[in-house]
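Before any comments, here is the structure.
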Amino acid sequence: MPYISPMSSITVRNIPEGVKAALVRRAEESGESLEAFLRRLFQAEATNASAKPDWKDFVAGIRARAEALPPLEPGDIDAWEHSEELARRDIPLDAP
């Protein structure tokens, strides 16, 4: 007898009618039932969530790259001063 993995059910209440209508439309466009479409959407989201980098690792990577930068030499400007200089030279969108 083949093994059948256990499945769970989820009930989601209080879905706005416009949201449900959009999901039904997308399911129909993909040639799926709403249930099959949502199952595929849940599976994709669960897979993508595990592939996202950990926030702490992301910040640690940025910190490590920043710490590896050479120190500023006298007369050099830092990133904040550089962005301020660029902002001073920026031309407003409503300028003639």
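Below is a table of values for the structure above.
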| item | result |
| --- | --- |
| Every pair of residues 6+ apart whose Cβ atoms lie under 8 Å, when the first sits in region 69-92 and is free of Cβ contacts under 8 Å to residues at least 60 places away in the same chain while the second is of a type outside the set (A, V, I, L, M, F, W, C) | Leu72/Asp78; Ile77/Glu85 |
| Count of residues meeting criterion [surrounded by 10 or more Cβ atoms within 10 Å (Cβ to Cβ) and in a loop (DSSP other than H, G, I, E, B)] in region 31-58 | 2 |
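Only the coordinates and a few stated rules stand behind these numbers; no lab work does. Owing to the predicted nature of the structure, the values given are computational and were not obtained by experimental measurement. As a convention, Cβ positions derive from the backbone with ideal geometry for all residues, glycine included, and neighbour counts pool all protein chains shown.
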